[in-house]
1. Among the listed residues Leu80, Leu101, Leu157, which satisfies the condition of being of a type outside the set (Val, Ile, Thr) and part of a loop (DSSP other than H, G, I, E, B)?
2. Within the bounds of segment 12-19, is there any residue that is at pLDDT 55 or above, of a type outside the set (Phe, Trp, Tyr) and closer than 28 Å to Cys160 by Cβ?
3. So in segment 75-114, with the set limited to residues that are among the hydroxyl-bearing types (Ser, Thr, Tyr) and open to solvent by less than 10 Å² (accessible area, probe 1.4 Å), which one is farthest from Lys148 (Cα to Cα)?
4. Could you say whether any residue in segment 173-182 is closer than 18 Å to Met58 by Cβ and in contact (Cβ under 8 Å) with a residue 60 or more places away in the chain?
5. Test Phe100 against the stated conditions and say whether it is modelled with pLDDT of 95 or more and touching a helix residue (DSSP H, G or I) at 6+ places or on another chain (Cβ under 7 Å).
6. Can you work out which of the residues in segment 165-175 that are not aromatic (Phe, Trp, Tyr) and not in a helix (DSSP H, G or I) is least open to solvent (accessible area, probe 1.4 Å)?
7. Checking the condition under 23 Å from Val186 (Cα atoms), part of a loop (DSSP other than H, G, I, E, B) and either touching a Gly at 6+ places or on another chain (Cβ under 8 Å) or of a type outside the set (Val, Ile, Thr) (or both), which residue from Arg149, Arg162, Arg129, Arg65 passes?
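The values are calculated or read from the model by the stated rules, or taken from the named source; none is laboratory data. Predicted model, so just to flag it, every value in this text is computed and none were measured. Don't worry about glycine lacking a Cβ; one is built from the backbone with ideal geometry, like all the others, and counts go over all protein chains shown. All accessible areas refer to the heavy atoms of the entire protein, side chains included, with ligands and DNA or RNA removed. Shrake-Rupley method; radii C 1.70, N 1.55, O 1.52, S 1.80 Å.
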Amino acid sequence: MRIEGPYDYDNTPMCQNAIGATKLQSFPAAEADNSPQEKNSFDSPGEELLAPPLNFSMVDYGVFRSGFPEPANFSFLRTLGLRSIIYLCPEPYPVANAEFLKANGIRLFQFGIEGSKEPFVNIPEDSIREALEIVLDEKNRPLLMHCKRGKHRTGCLVGCLRKLQRWCLTSIFDEYQRFAADKARVSDQRFIELFEISGLEESCVPVSSSKGQ
């Protein structure tokens, strides 16, 4: 990925490479919002109800996956102390989500992978490889990766990460199918099976060895 300017969390401009859908944005942290939050009538006084995004799960230490976060999920995401979000869809990030990132100093990496039900549409291997490099870079964690439902595009990225972690294909596919359920795609699993991890292995920092931030 081509990055212009200093690689920091304060003033990194947007960049785009030849893949055509890789964007990098950095949002400086803003002052905390101390406005009253809506409470559930069944909660104890002073407690805020936390709701994780659709299909949320911990992938590894400091690495999480989910479907598209809604505003109702922001309070939960704030508890994760995220540094980065990998967004795997081509659509622009909603204003509310972008404002949440800005307020919490979270960097956005966007890869415009089209969601398609067609069986012979190729998944862009270069985009998955770039996204994996971001996941493997310790300074980007804690990190959340997501697409729309957290099933196919996110499942492919997690599956390729599992290959780097030396999971057997049976376990990789079991995990993929657990999130995709009846929407599991043979084409996704074939992509994971054929994904070449050489090159990534030489510079791979095992995710599990990352230290808490």
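1. Values: Leu101 fails: part of a loop (DSSP other than H, G, I, E, B); Leu157 fails: part of a loop (DSSP other than H, G, I, E, B).
Going through Leu80, Leu101, Leu157 in turn, just one is of a type outside the set (Val, Ile, Thr) and part of a loop (DSSP other than H, G, I, E, B): Leu80.
2. Step one: list which residues in segment 12-19 are at pLDDT 55 or above, which gives none.
No, segment 12-19 has no match at all.
3. It comes out as Ser84.
4. So far as segment 173-182 goes, yes, one or more of its residues are closer than 18 Å to Met58 by Cβ and in contact (Cβ under 8 Å) with a residue 60 or more places away in the chain.
5. Yes.
6. First pass over segment 165-175, keeping only residues not aromatic (Phe, Trp, Tyr): 165-166, 168-172, 174-175.
Applying the additional criterion that residues be not in a helix (DSSP H, G or I) yields 165-166, 168.
Working: Gln165: 50, Arg166: 169, Cys168: 73 Å².
Looking at the filtered set, the residue picked out is Gln165.
7. The match here is Arg149.
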